[in-house]
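Computed from the coordinates by the stated procedures, all read-outs in this text should not be read as laboratory data. Keep in mind it's a predicted model, so treat the numbers as computed, not measured. No Cβ is skipped: glycine too gets one built from the backbone with ideal geometry, and neighbour counts run over all protein chains shown.
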Amino acid sequence: MISVCKAVDRCGVPTAVVMVQGDRFLFANECFLQMVGLTAADLSTTSLLKIGPLPLQLQIGCRTSSVTIRPRDRNLAIGGHIECGNQSLAYVVTPRNFIRREI
């Protein structure tokens, strides 16, 4: 999963790997970090819930769900998707040309 995140970073696609049960980031590519206003050092202390609530469908076992990510600039909401994999790990992916909505 992490190698895929690194690969798509070259294409400008923001992605991250999270541990759903522990609500912790394991890895985020540079595009994702820039989008949400974090640094690599911030990942170990930032929960996914701080930047976007986990959809109920994901919490009850659905494999793919929409997610709204709120960067540190709380006036924006960025739509994306979260895809559950094995071992309670999930990808968070936003489109390369993500849509910023004023909230």
- Restricting attention to segment 12-48, and to residues there that are of a type in the set (A, V, I, L, M) and part of a helix (DSSP H, G or I), which single residue is surrounded by the most Cβ atoms within 10 Å (Cβ to Cβ)? Val36
- Note on the structure: Among residues of segment 21-42 being within 11 Å of the chain's Cα centre (by Cα) and among the aliphatic types (A, V, I, L, M), the residue farthest from Ile78 (Cα to Cα) is Leu26
